[in-house]
Structure formats: structure tokens, C-alpha cells
Amino acid sequence: MTSSPDLTFNDGNSIPQLGYGVWQVEDDVAEKVVRQAFEAGYRHIDTAKIYGNEAGVGRAIAASGLKPEEIFITTKLWNADQGYESTLEAFEASMDRLGLETLDLYLIHWMQPKQDKYVDTWKALIELQKRGRVKSIGVSNFSKEGLQRLIDESGVVPAIHQIELHPFFNQAELREFNAANGILTQAWSPLGQGGELLSDETIAGIAAKHGATPAQVVIAWHLAIGNVVIPKSVTAERIVENYAALDVTLDEADIAAINGLDRGADGRIGPDPAVSDFA
Ligand code: NAD
């Protein structure tokens, strides 16, 4: 079985490029499916406080027998916990639920520009990294302007930026900004949440050409353009199928055709981080 390549952060640590996400997975189900993901070969798990399943992920880690250095765990600070002291507290509560001593990656979940606490929140993440509680720190759902402000006001560049990204909304401009600043791009809802994208004709044609499935073609596209990617499935066969996308190699024409599916802002599924404001 092919295993995921690692990509290197600007802080010298690295992350498995293909991981497994657990949004909208109940805590007890999370335990089961994360165990299945480990068995399928995944070593990188993406959760968040707001998903309500950090404890289930923690139980799966404990049951796996894998050593901390063999796995990569991400969790995220929720919007209501933004602020310096409240971030330090929320981090410890997440670690208790996960049952971990050290976290691989902690992300600010949303910029929340109206709340305007993200710079102080970022300073708390920097402190947690200095204390050795978390190896790498990054953000999710920021605008270019918000990212630039973090960098200017703290002098610390996030290791990674997790954003909505799939062939209908390929975020070329934000990917370029991330890359220019030495920030890896991580794709959330990489399969477009499994809707229209997976029945798209262009994707189907490329899948037929490679003897692959549409989901595998989309994951292979993410890998080819340098994204860290965290597809979700709670179906055992699909968990395996998605990991096997590592064996699908697209050619330049395939990649160009998938790049051509971009719909700009019309392709966005979730909220726009530049304006979104929710608890
Ligand atoms: P996704 O794009 O990974 O799509 C998941 C859905 O696609 C599944 O529920 C299923 O319906 C379908 N699917 C999966 N594998 C398939 C296959 N092989 N064949 C056919 N259909 C398949 O959606 P997602 O869960 O929104 O995103 C993935 C992860 O990204 C999340 O679990 C979470 O970890 C992360 N995420 C982060 C944020 C954020 O704000 N940072 C937001 C959304 C998601």
C-alpha cells in the first residue's frame, strides 16, 4: 500500500499530505471510523472542538497502538473561545478530550473579523508553541488581509491555511498568496461535500481513463497541485478508496481540465471568511 507523502512546514515540521476529516461525525462514530482510517493507512486526522468528537478521536488514537510520533492530529480553536486567555484554556480542554500530551497542529477555526480577536488569539497559539504544547500552528478561513495582519503584528507566519477548496472553487489567488508567504494550503470540503462535483462529466471522463473513481480523481488533483487534503467518509469502503487515490497519477491535460471547472465565487459552498460572523 502506498503511504501519504509528507509536506514540510515553514517551521521545519511536516504533515502527511493526505489526511482524514471528521466534521459531522458523532463522537461514538468518530471512534469507529478513525480506527478504520488508521487501518486503511491514514496517519493524519483533522478534528475541531466544534465537531464534538475530539473524545472519540482520542479513544481511536488510544486503541490504535500507534505511537504519537507515528500520527498527526489537528484540532481547531472555536470562535467563542477566541482571545488570549480563553484560547489557552480552550486548548487544554481539547487536549484533555483528545488524551494527548502534545498536539501536532492547532488552528484558529475562523477569522471572525467583526469579533476582531484573531491577533490576540494568534499570540496565544504562538505562546503554546513556545511552551512545546503544540508543534505547529496555523489558521483556517482567513482572508489575505487577515493573514497579512497576523504576520505583520506577530512576526510569525502560519504553517498552514485550511480553506474551502475543490475543483468548482479552486482558490487560485489565495493558494498563490499562501505559497508566496511560505504557508501550505489545506483543502476543506475537498470533494465538494460529495454532491454535483462527483457526477461531473469531466471528472467522470478522467476517472474512466485512469480506471479510478471520481472521488479518487478529485483527491489526486489536490495532491498534484500541492494541497494538503482531508476527505471525509464514514463508509469503510470509501475510506479505503479515498486513501488509494495516492496511486492515481494525473497528467498535465487532466489537471488543466480540472482547473477549468472553477466557478469562482459561485462555486463556494460555505461562508465567506472575509465577512462571516457566527458563534
Ligand atoms: P468532503 O468534501 O470531504 O465530502 C465528504 C462527503 O463526500 C461524504 O460525506 C460523502 O457523502 C462523499 N464521499 C466521500 N468519499 C466518497 C467516495 N469515495 N465516493 C463517493 N462519495 C464520497 O466534505 P467535508 O466533510 O465537508 O470536508 C472534509 C473535512 O474538511 C471535514 O471532515 C473537516 O475535517 C474539514 N472541514 C473543515 C472546515 C473548516 O471550517 N475548517 C469546514 C468543513 C470541513
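The values are calculated or read from the model by the stated rules, or taken from the named source; none is laboratory data. Fair warning: this is a prediction, and the values are worked out from it, not measured in the lab. All Cβ positions, even for glycine, are placed from backbone atoms using ideal geometry, and neighbour counts span all protein chains on display. Remember, those area values only see protein heavy atoms, side chains included, never the ligands or the DNA or RNA. Shrake-Rupley method; radii C 1.70, N 1.55, O 1.52, S 1.80 Å.
Quick look at the numbers
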quantity: Per-residue ³J(HN,Hα) for the range 227-235, Karplus 6.51 cos²θ - 1.76 cosθ + 1.60, θ = phi - 60°, Hz, x for Gly and Pro; calculated: 7, 7, 9, 10, x, 10, 7, 10, 9
quantity: Distance from the range 32-81 to the range 103-129 (C-alpha centre basis), Å; calculated: 20 Å
quantity: Of Lys114/Lys144; Lys76/Lys130; Lys117/Lys232; Lys114/Lys232; Lys49/Lys144; Lys32/Lys135, those spanning more than 23 Å from alpha-carbon to alpha-carbon; calculated: Lys117/Lys232; Lys114/Lys232; Lys49/Lys144; Lys32/Lys135
quantity: Choice from Val240, Val229, Val34 showing the highest fluctuation, given a GNM over the chain with Cα pairs closer than 10 Å; calculated: Val240
quantity: Cut-off 20 Å (backbone N to label point 7 Å along Cα→Cβ of Ala224), residues of the range 150-178; calculated: 165-173, 175-176
quantity: Rounded percent of accessible protein surface that carbon and sulfur make up, the chain, 1.4 Å probe; calculated: 48 percent
quantity: Low-density loop cleavage sites - trypsin sites (Lys or Arg not before Pro) in the range 117-202, where at most 15 other Cβ are within 10 Å (DSSP); calculated: Arg131
quantity: 20 Å Cα-Cα reach of Lys123 towards aspartates and glutamates, excluding residues that sit fewer than 8 places from it in its own chain; calculated: Asp11, Asp81, Glu85, Glu89, Glu92, Asp104, Glu145, Asp152, Glu153
quantity: Per residue value of the accessible surface for the chain (all protein chains in place, 1.4 Å probe), Å²; calculated: 41 Å²
